[in-house]
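J.: Got a structure for you, written out below as structure tokens; questions coming shortly.
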Amino acid sequence: VLVPSRSEGLPLVAIEALAAGRAVVGYDVGGVREVVEDGRDGYVIPSRDRQRFVEAVARLCAEPARLAEFGRHATTAADRFG
């Protein structure tokens, strides 16, 4: 799930994505870093760095094993938000 927001509070869409077992790629704005553990259940990209955002998405598309691993971690990560 992609969260390309330029500003964000606590990103509920990212929490819902994790609960559904989906990796998240989002910009490091608002509470994204609180929700997504970079390199474990998704990627947190410096704000407005489009090139790195695209590279992170391409990396996950090219590495289905990593995508699946992120998905496995995502489900337990979402438990923090009850």
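The values are calculated or read from the model by the stated rules, or taken from the named source; none is laboratory data. Small disclaimer: the values here were computed from a predicted structure and weren't measured. Here the Cβ is made from the backbone with ideal geometry for all residues, glycine too, and neighbour counts use every protein chain on show. In case anyone asks, the SASA skips ligands and DNA or RNA and just uses the protein heavy atoms, side chains included. Shrake-Rupley method; radii C 1.70, N 1.55, O 1.52, S 1.80 Å.
J.: When you count, for each residue, the other Cβ atoms within 10 Å and take the mean per peptide, how do 71-79, 30-38 rank with the highest first?
T.: Values: 71-79: 16.4, 30-38: 19.1.
The packing order, highest mean first, is 30-38, 71-79.
J.: Per residue of region 42-48, what does 6.51 cos²θ - 1.76 cosθ + 1.60 with θ = phi - 60° give for ³J(HN,Hα)? Whole Hz please, x for Gly and Pro, Karplus curve as stated.
T.: Each residue's phi maps through the Karplus curve to give x, 10, 10, 10, x, 3, 6 Hz.
J.: Using modelled backbone amide H atoms (1.01 Å from N, in-plane), which distant-in-sequence or interchain residues come within less than 5 Å of Tyr27's amide H?
T.: Excluding prolines and chain starts, which carry no amide H, the hits are Val3, Ser5, Ile45.
J.: Now, a different point. Please compute the per residue accessible area over the chain with all protein chains in place, 1.4 Å probe, rounded to a whole number of Å². It would help to have the intermediate numbers written out before the result.
T.: On the way: 4750 Å² over 82 residues.
Here the per-residue accessible area is 58 Å².
J.: Let me ask something else. Give me the extension gain from Arg66 to Arg52: residue separation times 0.36 nm, minus the current Cα-Cα distance, reported in nm with one decimal.
T.: 3.3 nm
J.: Tell me the carbon and sulfur percent of the accessible area for region 8-82, rounded to whole percent, probe radius 1.4 Å.
T.: 51
J.: Let's test the formula: R0 of 25 Å, r as the Cβ-Cβ distance of Arg40 and Ser7. What FRET efficiency results, to the nearest 0.05?
T.: 0.55
J.: On the principal axes of its Cα set, how long, how wide and how thick is the chain? Give whole Å, largest value first.
T.: 30, 30, 15
J.: Going by average Cβ neighbours within 10 Å, how do the peptides 61-67, 43-49 rank, with the highest at the top?
T.: Values: 61-67: 10.6, 43-49: 17.1.
Result, highest mean first: 43-49, 61-67.
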